[in-house]
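Here's the structure, in structure tokens; my notes come after.
Laboratory data are not the source of any read-out in this text; all were calculated from the coordinates shown. Predicted model, so just to flag it, every value in this text is computed and none were measured. Reconstructed Cβ throughout: ideal geometry from the backbone, glycine too, with neighbour counts over all protein chains shown.
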Amino acid sequence: MSYDLIVIGAGPGGYVCAIRAAQLGLKVACVEGRETLGGTCLNVGCIPSKALLHATHQLHEAEHNFGAMGLTGAKPKVDWKKMLGYKADVIGQNTKGIEFLFKKNKVDWIKGWASIPAPGKVQVGEQSYETKNIVIASGSESSPLNGVEVDESTIVTSTGALELGKIPKKLIVIGAGVIGLEMGSVYARLGAEVTVVEYLDRIIPGNDGEVAKTFQRMLSKQGMNFILGAAVQSATATKGKAKVTYRLRKDDSEHTLDADTVLLATGRRPFTDGLGLDALGVEMTGRGQIATDKQYKTSVDGVFAIGDAIEGPMLAHKAEDEGMAVAEILAGQAGHVNYGVIPGVIYTWPEVASVGETEESLKEAGRAYKVGKFSFMGNGRAKANFAGDGFVKLLADKDTDRILGAHIIGPYAGDLIHEVCVAMEFGAAAEDLARTCHAHPTYSEAVREAALACGDGAIHA
Ligand code: NAI
């Protein structure tokens, strides 16, 4: 059997690439070894975690804010099995949705694990396929940490954390990054005593420092504990109980914590096992990523790579955009990804969202910038909805007023960030946002107020 394109991996990078290439007239197949399409994101990542975050946010609202709005009655009880069932339904709807899209767009799903014996050839089990081009979209896996013995029941990665047998009384999270804080939030809302142990002296490295401080304060208020500047040495499980040892970096003292469950969330690494890249002669970076040029070409002709398997932020939407770009390139068009405008979102409550430069990165580059900041306390809608904690921070060039970045901590920050993304894509100035009429009362007025604060000042501050 022969194709124009075989995509390896049906995560957000791979399935989007396959669909776009088929839409552009190529004969396409996508190889996926999991039982269902959608990759890590749909099966054991973005989507299931959002289902659990949604359910537990509702619980949090019922416990903390319903009374104040005159909604009284018995506190909801948590039926963990049923909550996991709801999560499984959400996954099922989404993975079946991709199967439908494959059929609609005439993308063949080749079931199994692929290897590339030679350029233009893909092997899946006993079957070999000929293809003009190959796109590797094989994604990533949790990075191991020395001394931490993952068994996916007591000591888990994000995969096991989405499927725990019961809600732990005590949960230790190793790493205060996105996974640690999202899943930590889920279990804190479900009543677990959650302690996050982080190597650095701050949480969510790479994000705006002021946002990180505010975020830590809010999560602490929600009951999460933080031990910062602590390097985890080991985590071991005996008879369903776990022990974590860490060293405080400031004085090298060693400490031990006990828990029912430990979540290892110290990053992910590219997953390229079994593809045969070594024998094929595909160049890798020093960090185990597939090396590509700006058009996603690897060192081997006709073999391309995208998503978590190559360099750049490990984000589903970055992979999707690269998938579309490479499909367009293979169809003779000019595919392109603007890496300066890739939003990042943490789906806790409140949400944290960012795009573009941070104050830290601008200072490091020695660029002159101005800051427009607006607190959600000045936003009527947020106050009405118990969501006044948090702010929007817009960064603009001091001379030209061009928007350079935005950092939002507050209600639906993950949605609000996109008006700034669009503005940045169009090279807008803060004044352009400030002069755009925003409906009242909406959370997005806070974004406009931050833009106003870059100029003559916000109105409601
Ligand atoms: P991360 O890179 O976001 O955070 C890992 C944290 O672990 C860092 O703060 C690091 O300093 C800390 N750490 C490393 N070694 C340590 C040690 N020995 N002891 C204590 N702390 C240590 O990684 P995470 O959260 O595992 O996420 C992996 C990837 O998945 C990221 O690239 C993330 O962007 C992506 N992801 C994105 C989501 C989203 O967009 N909402 C959701 C989940 C994952």
Nearest-0.05 FRET efficiency for Met69 and Lys241, computed from C-beta distance (R0 51 Å): 0.80
Normalised contact order of the stretch 341-452, rounded percent, pairs of Cα under 8 Å and 6 or more residues apart: 31
Within-11-Å neighbourhood charge of Ala137 [Cβ basis; K, R +1; D, E -1]: -4
Ala88 versus Val300: modelled label distance in nm, points set 7 Å from Cα along the beta carbon direction: 3.9
The chain: proportion of alpha-carbon pairs further apart than 31 angstrom, %: 49
Taking Val392, Val186 and counting other C-beta atoms within 10 Å, the order from fewest to most: Val186, Val392
In the stretch 341-452, lysine pairs closer than 18 Å at Cα, eight or more apart or cross-chain: 8
Rg in Å to one decimal, and Dmax rounded to a whole Å, for the stretch 119-180 via C-alpha atoms: 18.5, 54
Reach of Lys297 by Cα under 16 Å, taken over lysines that are not fewer than 8 positions away in the same chain: Lys132
Rg and Dmax [Cα atoms of the stretch 341-452; Å; Rg one decimal, Dmax integer]: 13.1, 41
Paramagnetic reach from Glu35 in the stretch 94-127 [backbone N under 14 Å; point 7 Å along Cα→Cβ]: 95-96
Equivalent ellipsoid semi-axes, the stretch 155-266, via Cα gyration tensor eigenvalues times 5, rooted, Å: 21, 18, 11
Those Cys residues of the chain for which no other cysteine Cβ falls under 4.7 Å: Cys17, Cys30, Cys421, Cys437, Cys454
Charge sum, other residues only, whose C-beta stays under 15 Å from Asn385's C-beta, Lys/Arg counted +1 and Asp/Glu -1: -3
Set Lys75/Lys243; Lys82/Lys170; Lys50/Lys75; Lys50/Lys96; Lys77/Lys169 screened for pairs whose C-alpha atoms are more than 24 Å apart: Lys75/Lys243
